[in-house]
Amino acid sequence: MLNQWFPNVDWEKMWEATNETLYMTGISTLATFILGIILGLLLFLTAKGNLWQNYTINKVISAIVNIFRSIPFIILIVLLIPFTKLIFGTMIGENAALPALIIGSAPFYARMVEIGLREIDKGVIEAARSMGAKTSTIIWKVLIPESLPALVSGITVTAISLVSFTAMAGVIGAGGLGNLAYLEGFQRSRFDVTLMATIMVLVIVFIIQFIGDIITNKIDKR
């Protein structure tokens, strides 16, 4: 039945491209989660009235986050070509897309982390400080647990954005479903290949959203 509806689809290539997209999305999401939390915590802690209040550091980090968050992803890929070639020696393949994916998404997630931390009741933080809790204890025992639903919800949204970023990266040779849709579908006028690649992207997005919603609902105690 599928072969009748999608006669030009090479299913082996389709599964290979799907695995490449999952690989790029998975690695970049994990790195974004870690870097985003670090940047978000720094933005929050160095803000006025918080534990590490420091105007200069806060403004520098904020500026860096805003700059990289504002650059369109396709332009960021081009700007990072020298850096990517230095690390991987090539601009082709799924690994070559990782620097742009991570650098493009981590600042976006960092802002979501900062927003989640700001929503924590300051009374809880002050109570921990009054009991003599160290900063590290406040971070691991108060800030992260209290903001966890927002952190999970934020990384879910970010992961979905990363799926679309991998498709854009695929157009310039990074591999994955975007690359397959462009080379095998669009350039060869095979609409069924492009359509199937799009369906696979949508399935990935729906699965990510489904998993994210389940986790968020389980950890949200409100």
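Just to be sure, is residue 75 over 13 Å from the mean Cα position of the chain (by Cα) and open to solvent by 50 Å² or more (accessible area, probe 1.4 Å)? Yes; evaluated as a whole, the condition is true for this residue.
Go through the stretch 1-40 residue by residue and tally those that are buried (at least 17 other Cβ atoms within 10 Å of the Cβ) and over 21 Å from residue 98 (Cα atoms).
Step one: list which residues in the stretch 1-40 are buried (at least 17 other Cβ atoms within 10 Å of the Cβ), which gives 6, 9, 14, 17-18, 20-25, 27-29, 31-33, 35-37, 39-40.
Those left that are additionally over 21 Å from residue 98 (Cα atoms): 6, 9.
Residues meeting the conditions: 2.
Which ones in the stretch 157-166 are open to solvent by 30 Å² or more (accessible area, probe 1.4 Å), within 17 Å of residue 100 (Cα to Cα) and touching a residue at least 40 places away in the same chain (Cβ under 8 Å)? Can you show your working first?
Filtering the stretch 157-166 down to residues open to solvent by 30 Å² or more (accessible area, probe 1.4 Å) leaves 157, 160-161, 164-165.
Checking which are within 17 Å of residue 100 (Cα to Cα) leaves us with 160-161, 164-165.
Once the filter is applied, which keeps residues that are open to solvent by 30 Å² or more (accessible area, probe 1.4 Å), within 17 Å of residue 100 (Cα to Cα) and touching a residue at least 40 places away in the same chain (Cβ under 8 Å), the stretch 157-166 yields 160, 161, 165.
Of the residues making up the stretch 15-53, those that are over 23 Å from the mean Cα position of the chain (by Cα) and farther than 21 Å from residue 144 by Cβ number 1. For the stretch 15-31, check the following and say yes or no: at least one residue is in a helix (DSSP H, G or I), farther than 17 Å from residue 159 by Cα and of a type outside the set (Phe, Trp, Tyr). Yes, there is a match, as at least one residue in the stretch 15-31 is in a helix (DSSP H, G or I), farther than 17 Å from residue 159 by Cα and of a type outside the set (Phe, Trp, Tyr).
Out of 61, 67, 87, which single residue is more than 15 Å from the chain's Cα centre (by Cα), modelled with pLDDT under 90 and among the β-branched types (Val, Ile, Thr)? Give the derivation first.
Working: 61 fails: modelled with pLDDT under 90; 67 fails: modelled with pLDDT under 90.
87 is the lone residue from the list that is more than 15 Å from the chain's Cα centre (by Cα), modelled with pLDDT under 90 and among the β-branched types (Val, Ile, Thr).
Looking across 178, 154, one residue alone is surrounded by 17 or more Cβ atoms within 10 Å (Cβ to Cβ), touching a residue at least 12 places away in the same chain (Cβ under 8 Å), closer than 17 Å to residue 18 by Cβ and of a type in the set (Gly, Ala, Ser). It is 178. Right, residue 43: in contact with a Lys or Arg (Cβ under 9 Å, 6 or more places away or on another chain) and either open to solvent by 50 Å² or more (accessible area, probe 1.4 Å) or not in a helix (DSSP H, G or I) (or both) or not? For residue 43, the condition - in contact with a Lys or Arg (Cβ under 9 Å, 6 or more places away or on another chain) and either open to solvent by 50 Å² or more (accessible area, probe 1.4 Å) or not in a helix (DSSP H, G or I) (or both) - is not met.
I'd like the full set of residues that are among the hydroxyl-bearing types (Ser, Thr, Tyr) and surrounded by fewer than 23 Cβ atoms within 10 Å (Cβ to Cβ), limited to the stretch 85-117. Explain how you work it out, then say what you get.
From the stretch 85-117, those among the hydroxyl-bearing types (Ser, Thr, Tyr) are 90, 105, 109; that's our starting set.
Scanning the stretch 85-117 gives a single hit, 90.
The values are calculated or read from the model by the stated rules, or taken from the named source; none is laboratory data. These numbers come from a predicted model, not from an experiment. FYI the Cβ positions are ideal-geometry reconstructions off the backbone, even for glycines, and counts take in every protein chain you see. To get the accessible areas, we keep the full protein, side chains included, count just its heavy atoms, and leave off ligands, DNA and RNA. Shrake-Rupley method; radii C 1.70, N 1.55, O 1.52, S 1.80 Å.
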